[in-house]
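Taking it in order: structure first as C-alpha cells, then the write-up.
What follows is calculated from the coordinates using simple rules that are stated; it is not laboratory data. Remember, predicted model here, so these are calculated numbers, not experimental data. No Cβ is skipped: glycine too gets one built from the backbone with ideal geometry, and neighbour counts run over all protein chains shown.
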Amino acid sequence: MTPEMFKYIGAGLATFGFVGSGIGLGTIFGSYFLAVSRNPASAPKFQTWLFVGFALVEAFGIFALLIALMIMFVI
C-alpha cells in the first residue's frame, strides 16, 4: 500500500459531498415545483429564493470538488 493509493482513496471519499448536494438540489427544486403547481401566482416570489438556495447548495458540491482536487494534485 503506497501513499499514492491513499491519496486517491481520500480524493474519492471527498467527492461524497456531491451526494448531499444532489439530495439538496432535488429537495429544493421539488419543493419549488410543488409550490408553483399549487399557486402559480407565487412563482416570481419563490423563484428568487430558488436561485439563492440553488447557489448555496451547489457551493457545497463545488467545495467538495475543490477538496478532492487539492488532495489529488497539491498534497
To the nearest 0.05, how large is the calculated FRET efficiency for Lys7 and Leu66 if R₀ is 22 Å and r is the Cβ-Cβ distance? 0.90
Listed values (i) 1.00; (ii) 2.83; (iii) 1.54, entry calculated as Cα Rg over 2.2 N^0.38 Å: (iii)
